[in-house]
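J.: A single structure is presented below for examination.
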2 protein chains.
Amino acid sequence: MKGIAILGSTGSIGQQTLDVVRMFPNEFRVVGLAGWTNLSLLQQQLDEFHPKLASCQDMAENLHALRLGNCSPASLEEVACHGDVDLVVMAISGSPCLLPTIRAMQAGKTVALASKEAMVMAGPIIAKMVADGAKLLPVDSEPSAIWQCLQGESKAISRIILTASGGAFRDRPVDDLPNVTPKEALKHPTWSMGKKITIDSATLMNKALEVIESHWMFGAPWEKIEVVLHPQSIVHSMVEFCDGSVKAQLGVPDMRLPIQYALFYPQRVANAALQRLDVAGLGALAFKPLDVTRYPCFSVAMEAARAGGTYLAALCAADDVAVNLFLEGRIQFTGIAGLVQRVLDRHVTGDGESLNDILEAEAWARRTALEAAAAPVPHSIKERR
Amino acid sequence: MKGIAILGSTGSIGQQTLDVVRMFPNEFRVVGLAGWTNLSLLQQQLDEFHPKLASCQDMAENLHALRLGNCSPASLEEVACHGDVDLVVMAISGSPCLLPTIRAMQAGKTVALASKEAMVMAGPIIAKMVADGAKLLPVDSEPSAIWQCLQGESKAISRIILTASGGAFRDRPVDDLPNVTPKEALKHPTWSMGKKITIDSATLMNKALEVIESHWMFGAPWEKIEVVLHPQSIVHSMVEFCDGSVKAQLGVPDMRLPIQYALFYPQRVANAALQRLDVAGLGALAFKPLDVTRYPCFSVAMEAARAGGTYLAALCAADDVAVNLFLEGRIQFTGIAGLVQRVLDRHVTGDGESLNDILEAEAWARRTALEAAAAPVPHSIKERR
């Protein structure tokens, strides 16, 4: 049995991972679970899966609220690095995923990474660890698709084609975007996901983060990564090889499929509970160019990506703050890109790319984003937005 | 340098193979060329590639018409089995491909098979040879797509999805089909190919032959092979794995791409001369169920496939005769399925599945088809058609 730890077990990916685990009771043993604030769901998970270790926000304070039984309280790193853990599903939203990801890889664990922020913030560090033998598997549907397409192929990649649904407002007139509500933005057209990633899908920040993740995970130069709008989210991504042949991975939009692929890799295992793709019933699959003017966050993020250094840590933190402010009704949807841009404009990247620099830049950008949101927006930037 | 022989060098696949060879003058040496009746083109090819061996129809009679120089006349088997040949591109239309394919595999050559009739007529024999170590590579775009999708995957196939353009008359009212002309039938909507295969595409006989080829080549049970209409011929085929994940291979409809893949396998080699797929410019890719009532040849062929034995040799021969009669204006387009059915109805399959039985059944079916075409069609069969 494979020992697994799930960091972010009460989130969307965490719950769906446990769903897959539930379908294969003889294959996996849940060694550790880390939730965050949803203590009642965490309690249910502890009661069902009886892990050895559990973690949550403000552990000491929240201990009294949980019936731990034989389960020991632990930090995120301790859950990820426990001796019985073979594979860590890293599904923590945002920057807190970074340190446990690095620590788990250092401890020799296979990390199934749903938290793309780790790769975005510390791409060069993680890519070097992987080159040196650390085991990292993608979980998100697009990088999983690329990874599946690359099986059995040499690295003769000429282009990675990431598909994007276009998010909640893909058909909304651009002039209406300042007035859209969080409730509307949370209605993703094809995927059911957590709040942060759903807003990031509406701004296309999520796709930019996937471009960055793919750059580091698959060693593809920026100019060889293309984003194509594909509203149906059936083709999860494609790879063009040097001879012009293109491979695509398709499936119903169900995260349990790429999660299961990562959990069982390199085996594929039959699962009758997952819906099959009815190819003959697909009708038309649409593909069209990305209109970047509709999605300013995408360009802001790609500029940070090309700048490199700690710009990417600042990007993740600023976006996290901006999305939260939008969800709290404190800034407009169209204010997200502007706020992120203002933070990046003020950022001075560190000399090195050490973990310390990255974490400092993250904290700085978080503070700066909150300050910038509280300050009046300069006229010039208003225009820019 | 890889020594190659091309059987069917003056046909569509043969010419395109030489086109690829021309693009990589340092990779391949043309050891043997076999044309059939197009002697002037064969002469050009001999003058350009200087093979050691050449073959054509009625060699003795045609020798005086060819300037062979240092090239020796040879039989198809001799061309395929010459000691300097590493890879044989088998691109002879129809049943004459069978014996040279078997002989080349027996001689330890890698056979890149465009002539699916060999696999259709002698599937069990060839599959056994491959299981025992013979090297057979697909060239046709659909089986090549399946093969590409299977790279790096274990045999956990749950479904093979062959795409079909639907041929020249996919949008023609069924009632008009008795009156279509050979000229109209030869206008394939997406591929430029030889005459026989273009008519087979219009009747969907070609897709049935691909189902049969895939059955033997990839070991997929009949019920796990599905045909889906895809008018654009961009997705060349797909494979669904046991976990529900689907992989597809895509590309512009250019046979040089799968030919090059087979020639260089297992390497992929960059080729700037081949057009790239513009994914963002694809617009809509359509997929819909196959309407078998429009394509009676498909059902006739699948019935023969399930019956097995020498029915498949009879099928290939009867179809070859029927297509020729249609091209000569001697039977209607809608008469092809009926004529093939009448031959199969009279066929008694041999006990064994020896090469001899297969060749005898082929010759019998060829005679019987010609006789049946000359005889008045019985009333009951008219109705059935």
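J.: State the percentage of accessible surface on the protein assembly as shown attributable to carbon and sulfur atoms; use a 1.4 Å probe and exclude ligands, DNA and RNA. Show your work: numbers first, answer last.
T.: On the way: 15050 of 29500 Å².
Exposed carbon and sulfur together represent 51 percent of the surface.
J.: Could you give the spread of the C-alpha atoms of the range A:19-94 along their three principal axes, from largest to smallest, in whole angstroms?
T.: 34, 25, 22
J.: Work from the charge dipole of the range A:179-337 (Cβ charges, +1 for Lys and Arg, -1 for Asp and Glu, about the Cα centre) and give the residue of A:211, A:293, A:332 farthest towards its positive end.
T.: It is A:332, whose Cα lies furthest towards the positive end.
J.: Using a 1.4 Å probe and counting only protein heavy atoms, how much accessible surface gets buried when B and A come together, both sides summed, in Å² to the nearest 100? Write down the numbers at each step before the final one.
T.: Working: alone 16500 and 16490 Å², together 29500 Å².
Buried area (both sides, nearest 100 Å²): 3500 Å².
J.: Follow-up. Given 10 °C and 1.306 mPa s, how large is the Stokes-Einstein diffusion coefficient of the protein assembly as shown in µm²/s, with Rh as the Kirkwood radius over Cα pairs? Intermediate results must be reported in sequence, preceding the final value.
T.: Working: Rh = 28.9 Å.
So the translational diffusion coefficient is about 55 µm²/s.
J.: Dipole magnitude of the range A:2-139 about its Cα centre, charges +1 at Lys/Arg Cβ and -1 at Asp/Glu Cβ only, in debye to the nearest 20?
T.: Values: 10 positive and 12 negative charges, 57 e Å.
Using only the charged Cβ atoms, the result is roughly 280 debye.
J.: I'd like the mean, over residues of A:223-229, of how many other protein chain beta carbons sit within 10 Å of each residue's own Cβ.
T.: If you average over the peptide's residues, the count of other-chain Cβ atoms is 1.
J.: Rounded to the nearest 5, what is the percent of antiparallel bridges among the DSSP beta bridges in the protein assembly as shown?
T.: Details: 34 of 88 bridges.
Counting only bridges with both partners in the protein assembly as shown, antiparallel ones make up about 40 percent.
J.: May I pose another question? Taking every residue in A:274-280, how many Cβ atoms of other protein chains lie within 10 Å of its Cβ, on average?
T.: On the way: counts 3, 1, 5, 7, 3, 14, 10.
Shielding by partners across A:274-280 averages 6.
J.: Right, here's the next one. Report the label-to-label distance for residue A:75 and residue A:267 in nanometres (one decimal), using points 7 Å from each Cα along the Cα→Cβ vector.
T.: Here the answer is 3.5 nm between the modelled labels.
J.: I would also like to ask the following. Just the number, please: percent antiparallel of the DSSP beta bridges in the range B:2-139, rounded to the nearest 5. Present the calculation step by step, with values, prior to reporting the outcome.
T.: On the way: 0 of 22 bridges.
Antiparallel bridges: around 0 percent, rounded to the nearest 5.
J.: Okay, moving on. Which whole-Hz couplings ³J(HN,Hα) result when phi for each residue of the range B:91-107 is put into the Karplus expression 6.51 cos²θ - 1.76 cosθ + 1.60, θ = phi - 60°, listed in order with x for Gly and Pro?
T.: My calculation for the range B:91-107 gives 10, 8, 6, x, 5, x, 6, 4, 4, x, 4, 4, 5, 5, 5, 4, 7 Hz in order.
J.: Restricting to chain B, compute how many DSSP beta bridges are antiparallel as a %, nearest 5. Spell out each step's value before the answer.
T.: Working: 12 of 39 bridges.
If I count the DSSP bridges inside chain B, around 30 percent turn out antiparallel.
J.: With just the Cα atoms defining each centre, how far is the range A:164-210 from the range B:322-370? Give it in Å.
T.: 60 Å
J.: I would also like to ask the following. Would you mind getting the accessible area per residue of chain B, heavy atoms of the protein chains only, 1.4 Å probe, in Å²? Walk me through the intermediate numbers first.
T.: Values: 14760 Å² over 385 residues.
About 38 Å² of surface per residue is accessible.
J.: Apply the a/c threshold of 1.5 to the C-alpha gyration tensor of the range B:64-191 and tell me whether it is rounded, prolate or oblate. Don't skip to the answer; put the middle values down first.
T.: Numbers: a/c = 2.52, a/b = 1.27, b/c = 1.99.
In terms of gyration-tensor shape, oblate.
J.: Under a 5 Å amide H to amide H cut-off, with H placed in plane at 1.01 Å, what residues pair with residue A:226 once short-range neighbours are removed?
T.: Answer set, sorted by chain and number: A:160, A:161, A:162.
J.: OK, next. Evaluate the distance, in nm, between pseudo-label points positioned 7 Å from the Cα of residue B:186 and of residue A:175 along their respective Cα→Cβ axes.
T.: Between residue B:186 and residue A:175, the simple spin-label model gives 5.7 nm.
J.: Across the residues of A:237-243, average count of Cβ atoms on other protein chains within 10 Å? List each step's numbers first, then the result.
T.: Numbers: counts 0, 4, 0, 5, 7, 6, 13.
Mean partner shielding for this stretch: 5.
J.: Can you list the copy-to-copy distances for residue A:306, using a point 7 angstrom from Cα toward Cβ, in nanometres, shortest first?
T.: 5.9
J.: Which chain A residue sits with its beta carbon nearest the axis carrying A onto B, and how many Å away is it, rounded to a whole number?
T.: Residue of A nearest the axis onto B, distance in Å: A:152, 1.
J.: For chain B, set up a GNM with springs between Cα atoms under 10 Å and report which of B:166, B:83, B:281 has the largest fluctuation.
T.: Per the Cα network of chain B with a 10 Å cutoff, B:281 tops the list.
J.: Could you sort A:1-10, B:249-258 so that the peptide with the highest average Cβ count within 10 Å comes first and the rest follow in order?
T.: On the way: A:1-10: 24.7, B:249-258: 22.8.
Packing order, densest peptide first, comes out as A:1-10, B:249-258.
J.: Rounded if a/c is under 1.5, else prolate if a/b beats b/c, else oblate: with a ≥ b ≥ c from the C-alpha gyration tensor eigenvalues square-rooted, which is the range A:249-312? Don't jump to the answer; show the numbers that get you there.
T.: Working: a/c = 4.09, a/b = 1.58, b/c = 2.59.
Taking the square roots of the gyration eigenvalues as a ≥ b ≥ c, the range A:249-312 is oblate.
J.: Report ³J(HN,Hα) in whole Hz for each residue of the range A:121-126, in order, from the Karplus equation J = 6.51 cos²θ - 1.76 cosθ + 1.60 where θ = phi - 60°; Gly and Pro get x.
T.: 6, 10, x, x, 5, 5
J.: Right, something else. Which residue fluctuates the most in chain B, going by a Gaussian network model with Cα springs under 10 Å, if the choices are B:104, B:284, B:305?
T.: So, out of B:104, B:284, B:305, the one fluctuating most is B:284.
J.: Which one, A:97, A:121, A:42, projects farthest toward the positive side of the charge dipole computed for the range A:2-139 from Cβ point charges (K/R +1, D/E -1)?
T.: A:121
J.: Let me ask something else. Amide H of residue B:28 versus every other amide H placed in the peptide plane: which residues, excluding those fewer than 5 positions away on the same chain, fall under 5 Å?
T.: Correct list: B:2.
J.: Would you mind calculating the relative contact order of the range B:2-139 from Cα pairs under 8 angstrom and at least 6 residues apart, reporting the percent as a whole number? Don't skip to the answer; put the middle values down first.
T.: Values: 255 pairs, mean separation 32.5, N = 138.
24 percent.
J.: Any idea what diffusion coefficient the range B:2-139 gets from Stokes-Einstein, in µm²/s, Kirkwood Rh on alpha carbon pairs, 4 °C, 1.567 mPa s?
T.: Numbers: Rh = 14.7 Å.
Answer from the Stokes-Einstein relation: 88 µm²/s.
J.: What is the percent of Cα-Cα separations in chain A that go past 36 Å? Write out the running numbers ahead of the final one.
T.: Details: 15070 of 73920 pairs.
That tail contains 20 percent of the Cα-Cα pairs.
J.: State log₁₀ I(q)/I(0) for the range B:140-262 at q = 0.12, 0.21 Å⁻¹ as given by the Debye formula over alpha-carbon point scatterers of equal weight, solvent excluded.
T.: With one equal scatterer per Cα and no solvent, log10 I(q)/I(0) is -0.45, -1.19.
J.: When the dipole is taken about the Cα centre of the protein assembly as shown, and only Lys, Arg (+1) and Asp, Glu (-1) are charged at their Cβ, what size is it in debye, to the nearest 20? List each step's numbers first, then the result.
T.: Details: 70 positive and 82 negative charges, 107 e Å.
The dipole of the protein assembly as shown has a size of about 520 debye.
J.: In chain A, with Lys and Arg counted as +1 and Asp and Glu as -1 at Cβ, which of these residues, A:273, A:156, A:13, has the Cα nearest the positive end of the dipole, that is, farthest along it?
T.: A:273
J.: Next question, about the same structure. Apply the Karplus curve 6.51 cos²θ - 1.76 cosθ + 1.60, θ = phi - 60°, to the phi angles in the range B:356-366 and return the couplings in whole Hz, x for Gly and Pro.
T.: 5, 4, 5, 5, 5, 5, 5, 5, 4, 5, 4
J.: Which order do the peptides B:18-30, B:63-75 take when ranked by the mean count of other beta-carbon atoms within 10 Å per residue, highest first?
T.: Numbers: B:18-30: 16.9, B:63-75: 13.2.
So the peptides B:18-30, B:63-75, ranked by packing, come out B:18-30, B:63-75.
J.: Right, another one. If the elastic network links every pair of Cα atoms under 10 Å, which of B:320, B:200, B:47 fluctuates the most in the Gaussian network model of chain B?
T.: Of B:320, B:200, B:47, the Gaussian network model singles out B:47 as fluctuating most.
J.: So between residue B:374 and residue B:223, what do we pick up on full extension, going 0.36 nm a residue minus the alpha carbon distance? It would help to have the intermediate numbers written out before the result.
T.: Values: separation 151, 0.36 × 151 = 54.36 nm, distance 3.67 nm.
50.7 nm is the gain from fully extending residue B:374 to residue B:223.
J.: Add -39500 (n - 2.57) for each DSSP H run of 4 or more in chain B, then divide by its residues: what number comes out at 222 nm, to the nearest 500 deg cm²/dmol?
T.: Details: 17 runs with 170 residues, N = 385.
Calculated from helices alone, the mean residue ellipticity at 222 nm is -13000 deg cm²/dmol.
J.: Moving on to the next point. Taking each label point as 7 Å beyond Cα in the direction of the beta carbon, state the distances from residue A:283 to the same residue in the other copies, shortest first, in nm.
T.: 1.8
J.: Quote the charge dipole size of the range A:97-148 about the Cα centre in Debye, to the nearest 20; the model charges only the Cβ of Lys and Arg (+1) and of Asp and Glu (-1). If you can, show how the numbers build up before the last one.
T.: Numbers: 5 positive and 4 negative charges, 41 e Å.
Magnitude of the dipole: close to 200 debye.
J.: Search the structure for amide H atoms under 5 Å from the amide H of residue A:88, placed 1.01 Å from N in the peptide plane, and list their residues when 5 or more places away or on another chain.
T.: Residues meeting the amide H criterion: A:5, A:110, A:111, A:112.
The values are calculated or read from the model by the stated rules, or taken from the named source; none is laboratory data. All figures in this text were calculated on a predicted structure; none of them were measured in a lab. Glycine gets a Cβ as well: all are built from the backbone with ideal geometry, and neighbour counts include every protein chain shown. These accessible areas exclude ligands, DNA and RNA; they are computed on the full protein's heavy atoms, side chains included. Shrake-Rupley method; radii C 1.70, N 1.55, O 1.52, S 1.80 Å.
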